[in-house]
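A.B. asks: My questions will all concern the structure given below.
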Amino acid sequence: MNDTNKSKGYEKFSPATTAWMKSGNYLTVDGRQIFYTDRGKGPVILLIHGHPSSCNDWEGVCDRLESQARLVAFDMIGWGLSDKPEAFSYSLFQQADMAEALLKALDITEAHVASHDLGTSVHTELLARNLEGSLSFKLLSSLITDGSILQWVSNEPPSQNLAQSNDTLFLAMEEFNKGTPASYAEDFKNMTLGNLSDEAIQLKTELFCYQNQFRRLTAQSNYMRERYIHSERWVGAMEKT
C-alpha cells in the first residue's frame, strides 16, 4: 500500500497513520479500492462508520471486543483510506453494495451490524434489503447509534446545509475548499469534545486529507437528500425490524 499523501499539507503519513494503514487490507470492488480491517474471532460484527471520519472511529471498540468477536470495519468509498473518486455519486445504496461485497469476499454469511451517524442510513438500507429477502448475508441483530435518520429533525452544520440547495451549492463548495489541515484538526477536536490525543487527532486529519476528501464533501453531502427521498424505505425498514 502506498503511504504517499498528495493532499493539502501532507507528503507522508505520520507513524500512527502508517501503522493504522498497515493494520488493514484493501478489497477492489467495481474498480474501487476499499480499505478494511478484520480483527478477532467469534461472531461477526460489521461496523459502519459516520461522516466525515472513517472506520478508525471503531478502533477502541475493536480493542475491547476482539477477544469475543470477529470485527469487520471498512472505509466507505470517499472516506478514510478508501478511494475518493471525483466521478462518483456517493449514494448510500452504493455504500450498502460495498458492505455486502466485502462480507461476500470474506466468506461471511451472517453478521451482527453496528452503525453510527451517516453509517446508520447504510445500515437501514441493509435492513430494507433483509426485509425484501435480497440481502446476501443473514443479519443477526442491529445496533444504531446517533444517526440523524430522521433528517427533517436533525441539526446539521451550516456548511452541509448549504450543500442541500442548488441556490447555495457553489457557496458550499467555496466553504469546503477554505479548509486547511489545521482547521480540519480543530474540527475533529471539537467533534470529539477534546477527548482524543494530539496523535489521534493528527491521524483522523490525515485520513480526511488523504486524496483531498474536502473536494468530495459537496457530493458526499447528498446523503441528506437521499434520507428525505428514501425515508419511507429506510425509516420503515427500521420500524419493521
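A.B. asks: Which residue out of 202, 211 is in contact with a Lys or Arg (Cβ under 6 Å, 6 or more places away or on another chain) and either over 25 Å from residue 13 (Cα atoms) or surrounded by fewer than 22 Cβ atoms within 10 Å (Cβ to Cβ) (or both)?
C.D. replies: Unique residue meeting the criteria: 211.
A.B. asks: While we're here: Going through 139, 127, 103 one at a time, which residue ends up being more than 14 Å from the chain's Cα centre (by Cα), assigned to a helix (DSSP H, G or I) and under 10 Å from residue 46 (Cβ atoms)?
C.D. replies: 103
A.B. asks: Any residue in the range 34-63 that is basic (Lys, Arg) sitting within a Cβ distance under 9 Å of a residue that is part of a strand (DSSP E or B) and surrounded by fewer than 22 Cβ atoms within 10 Å (Cβ to Cβ)? List the pairs, counting only those 6 or more apart or interchain.
C.D. replies: 39/70; 41/70
A.B. asks: So, in the range 110-134, exactly how many residues are acidic (Asp, Glu) and out of contact with any Leu (no Cβ under 7 Å at 6 or more places or on another chain)?
C.D. replies: 2
A.B. asks: For the range 182-221, which residues satisfy the criterion of being modelled with pLDDT of 80 or more and of a type in the set (Lys, Arg)?
C.D. replies: 189, 204, 216 - these are the residues of the range 182-221 that are modelled with pLDDT of 80 or more and of a type in the set (Lys, Arg).
A.B. asks: Can you run down the residue pairs with Cβ atoms below 9 Å, 6 or more apart or on separate chains, where the first is in the range 76-89 and within 19 Å of residue 25 (Cβ to Cβ) and touching a residue at least 60 places away in the same chain (Cβ under 8 Å) and the partner is among the acidic types (Asp, Glu) and in a loop (DSSP other than H, G, I, E, B)?
C.D. replies: 81/75
The values are calculated or read from the model by the stated rules, or taken from the named source; none is laboratory data. Bear in mind that the values here come from a model prediction, so they are computed numbers and not experimental data. When we count neighbours, we look across all protein chains shown, and the Cβ atoms used for this are built from the backbone with ideal geometry, even at glycine.
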